[in-house]
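Have a look at the structure below, then the notes.
No value in this document is a laboratory result; all are computed from the given coordinates. The structure displayed is predicted, hence computed values, not measured ones. Counting neighbours? That spans all protein chains shown, and the Cβs are built from the backbone with ideal geometry, glycine included.
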Amino acid sequence: MPAFALPDPDVIEGFLGDIVEVDRRRPARPLRAVLDGLAGAELRAGAPVLIAMPNGTPLLTLFFAVLLHGGVPVPLAPASSSARITEVAPRLGADALIAPRIDAARYGATAPRPLGDAELLRFPWGEPRRHSPGEVILMTSGTSGLASGCLHGIDALLLNAARHADAIGQREGDTVLLTLPLHYSYALVAQALAALVRGSRLVVSGPPFTPRAYTDALRTHRADVSSLTPTAVAHLIEQGVVLPDTLRALTVGGDRLPPAQVPALLASRPGRELYLTYGLTEAGPRVTTLAAHREPPRRFASSGLPLPGVRTRLRPSGLTDGSQELLVESGTVLRRRVPDDRSGPLVAPMTIATGDLFTIDADGYHYFQGRLADSVVINGEKVWLPSVRAAADAIPGVLRSTTRVHMEDGERRYDLDVYVTDPSAALAADIRRTLHRLLLRTERPHRITLRPASAATWHK
């Protein structure tokens, strides 16, 4: 397995200097200037530093500067509230926060200091948790309602980025359009770090995503490679958007693309490449890839084959239907959960339990079946939530649906969130009627909530 150490600062600075930002009107501060600012901040070596910045060169500059300074960068959603940060920071043992503007009074701290295109605030509470230089914490959804993180080595993330770039045929000299949130592992590793290790040029925009802005950016910057989530793909198909011919390779990740959408996407881009990917932050993050443009329609439901160096196997899920959970063994999996958690995903050296149910055919192709937590017993009856979501997703006007299991009045229940382009009372009534027709009484959601498609989130 090749070693992927953090590149020389001059290489990183050259990469950052070549980034184009679609909406930025002034150049970002150079890496050296940010490193000089960190030198006077008296940050403690190996301590986590929260970075809540919007997409762009400043975020990536701060990410690399914290690494080079000996800290542990923790990218956060730029819209994270002070209340959220106050919860997350002590759990991770963070030393500092970097954000565009910081109200120190909300944290009981002294005034922040300027740092490049942002401000840096030292947290006033306790001794930070120490990790090793060269480590990164990537946030993921927690089951307790509070965010948890995955501790990775930057060498492993760069290796995963290189494997992903190889799988999609990304080349030196390609232009990569990045529109997804950089605080998620899919965008940070599979696009930004992949551009760094491959020698590609990076163009950064969004979010938010709109089909018109996306296609304009593709044309203006003549992008060769780009990545979207299934929600964004649904917008393109719904609006009949045709992507420019200059886009050689489109990858889809962050969630499963409905198989019925694959033919439409291929038909709109004859002769071009479409890659369907599966991964999770705990794995570093990419695990499998399907080159859909080279496969027969029967495989459009598959997430493809494992990346080179990644080994997978199945184990019994414990559910009565005989379903099996996917295990992933790779040199790119997380080192541990942060904060430390005995119920973390590591089940053996360099091996994680994904919590995802899969089948694997005789040729090694992987097929996602649902989440392990997707089977829930309500009033003594087992409800398979993927079938509920599939029923909702098939209703005209529905782009995507998600389920949430909770306890209410001592009873286990689940709610259904349905994402649509234009929420209305009439559409809500139609969805409710349709689902009540399709589902048994014991299978019906406790609540159905319509949400605008722009509010859809993704985590992997």
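Phi angles of the stretch 61-72 translate, via the Karplus equation with coefficients 6.51, -1.76, 1.60 and θ = phi - 60°, into HN-Hα couplings of 4, 5, 4, 6, 5, 4, 4, 5, 6, x, x, 10 Hz per residue; Gly and Pro are given as x.
Sequence-ordered 3J(HN,Hα) estimates for the stretch 289-294 from the Karplus curve with 6.51, -1.76 and 1.60 and θ = phi - 60° stand at 9, 10, 7, 4, 5, 10 Hz, glycine and proline given as x.
Counting 0.36 nm for each residue step from residue 86 to residue 130 and taking away their Cα separation leaves a gain of 14.0 nm. The distance separating the Cα centre of the stretch 39-117 from that of the stretch 152-229 comes to 24 Å. Stretching the chain fully between residue 451 and residue 45 yields a gain of 141.8 nm (0.36 nm per residue, less the alpha carbon separation).
Report summary: the helix-based calculation at 222 nm, which adds -39500 (n - 2.57) for every DSSP H run with n ≥ 4 and divides by the residues of the chain, gives -7000 deg cm²/dmol.
The value obtained for the stretch 311-460, namely the Cα convex hull volume divided by the number of residues, is 166 Å³ per residue. Here the stretch 379-455 was treated as a single set of alpha-carbon atoms; its pair distances binned every 5 Å from 0 give 3, 16, 29, 25, 15, 8, 3, 0 percent.
Can you tell me which of 274-287, 394-407 comes out highest on packing, and rank the rest after it, using the mean Cβ neighbours within 10 Å?
Numbers: 274-287: 26.7, 394-407: 16.4.
So the peptides 274-287, 394-407, ranked by packing, come out 274-287, 394-407.
Working from Cα pairs under 8 Å separated by at least six residues, relative contact order for the stretch 154-372 is 15 percent. By the compact-protein rule of thumb, 2.2 N^0.38 Å, the alpha-carbon radius of gyration of the stretch 9-133 corresponds to a ratio of 1.01. In order along the stretch 195-212, the Karplus-derived 3J(HN,Hα) couplings, from 6.51 cos²θ - 1.76 cosθ + 1.60 at θ = phi - 60°, round to 5, 5, 6, 8, x, 8, 8, 10, 10, 10, 9, x, x, x, 9, 9, x, 5 Hz, and Gly and Pro are given as x. Report note on the peptides 425-436, 66-77, 164-175, 185-196: ranked by the mean count of other C-beta atoms within 10 Å, highest first, their order is 185-196, 66-77, 164-175, 425-436.
What is the projected area of the convex hull of the Cα atoms of the stretch 132-251, averaged over all directions, in nm²?
Projected over every direction and averaged, the Cα hull of the stretch 132-251 covers 8.4 nm².
What's the whole-number percent of alpha carbon pairs in the chain lying beyond 28 angstrom? That fraction is 52 percent. Shape analysis of the stretch 154-372 yields a ratio of the Cα radius of gyration to the Kirkwood radius, Rg/Rh, of 0.97.
Scanning residues 5 or more positions from residue 21 or on other chains, those with amide H under 5 Å from its amide H are 204, with H placed 1.01 Å from N in the peptide plane.
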